[in-house]
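A short worksheet on the structure shown next.
Read-outs: derived from the displayed coordinates by stated rules, not from any lab. Worth saying up front: this structure is predicted, and the values here are computed from it rather than measured. Neighbour counts are summed over all protein chains in view; Cβ atoms, including those assigned to glycine, are modelled from backbone coordinates with ideal geometry.
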Amino acid sequence: MFKLVVLISGNGSNLQKIIEQIETGAINAEISAVISNRPDAYGLKRAQQANIPTVVLDHTQFADREAFDQSLAQIVDSYNPNLVVLAGFMRILSDSFVEQFSNRLINIHPSLLPRYKGLHTHKRALEDKQQEHGASVHFVIPELDAGTVILQGVVPVKVNDTEETLAERVHKIEHIIYPKAIQWLVEERELSPEKPVKVFLEEES
């Protein structure tokens, strides 16, 4: 069985969608563990309700980022995952961690990469008067938000949008494309890095 380890820091809404897609058979994989750097992350409860093992590794208990990442890498590696999924994991990982799980570490970023790497993506899209925005599932490499894009979700930017309304629409497409991208990797589907597949949000009128 294809094994996932999911890293979270908060609510775990993307985690929930992945769990649901595994339960329906849409993702042919199992989650070996959910690991959080925050003891109060609600995503831990989501995992426990689905009978998935959980681990809390509180980053505040470590002297520095390298010590935390070294411990995290040991825990993740103990599950021997085929794929490590960052689902709202709010820490920048060290190069050594990223390299240890090279080609097995994915993230979802709230923009149509390579546009708007880093933070405040919704604000920047609105300031630039973009007509489209969205999210990208990508492999993680040491360079921030620069790994190969697996799949993108596209949403319209509306005239009266705020950061909050645009973020809500992007979350909807995230919940569609993250499980789909994971299943593609399970299937070892051939990717097109230069022209990633795009999924468009269909909204109720």
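Brief remarks follow.
- Cross-link reach is defined here as a Cα-Cα straight distance under 17 Å, omitting same-chain residues fewer than 8 places apart; for Lys180 the aspartates and glutamates meeting it are Glu20, Glu23, Glu30, Glu188, Glu190, Glu202.
- The phi-based Karplus calculation (6.51 cos²θ - 1.76 cosθ + 1.60; θ = phi - 60°) puts the 3J(HN,Hα) values of segment 135-144 at 9, 10, 8, 9, 5, 8, 10, x, 6, 4 Hz, whole numbers, x for Gly and Pro.
- The chain - convex hull of alpha carbons, volume per residue in Å³: 127
- Members of Lys45/Lys158; Lys17/Lys198; Lys45/Lys195; Lys45/Lys198; Lys3/Lys172 lying beyond 30 Å, as alpha-carbon distances in this model show: Lys45/Lys158; Lys45/Lys195; Lys45/Lys198
- The residues packed around Phe200, meaning those with a beta-carbon under 12 Å from its beta-carbon, carry a net charge of 0 if Lys and Arg are +1 and Asp and Glu are -1.
- 3J(HN,Hα) from dihedral phi, segment 91-98, Karplus parametrisation 6.51/-1.76/1.60, rounded to Hz, x for glycine, proline: 9, 7, 7, 5, 4, 5, 5, 4
- Inter-part distance, segment 57-130 to segment 153-167, computed on C-alpha centroids, equals 24 Å.
- Close amide H contacts of Ile31 (hydrogens built in the peptide plane, cut-off under 5 Å, sequence separation of 5 or more or a different chain): Leu4.
- Within the straight-line cut-off of under 15 Å between alpha carbons, the aspartates and glutamates reachable from Lys123 are Glu132, Asp161, Glu163, Glu164, Glu168, sequence neighbours fewer than 8 places apart in one chain being disregarded.
- Sum of side-chain charges, Ile173 neighbourhood, beta-carbon under 12 Å (Lys, Arg +1; Asp, Glu -1): 0
- Positive minus negative residues near Glu143 (Lys, Arg vs Asp, Glu; Cβ under 11 Å): -1
- If only the Cβ of Lys and Arg carry +1 and only the Cβ of Asp and Glu carry -1, the dipole of the chain around its Cα centre is close to 160 debye.
- For Val55, residues with placed amide H under 5 Å, excluding near neighbours: Val34, Ile35, Ser36
- Working from Cα pairs under 8 Å separated by at least six residues, relative contact order for segment 1-116 is 31 percent.
- Here segment 2-200 carries DSSP beta bridges of which approximately 35% are antiparallel, counting only pairs with both residues inside.
- Ratio of Rg to Rh for segment 40-117: 0.97 [Cα atoms; Kirkwood radius as inverse mean 1/r over pairs].
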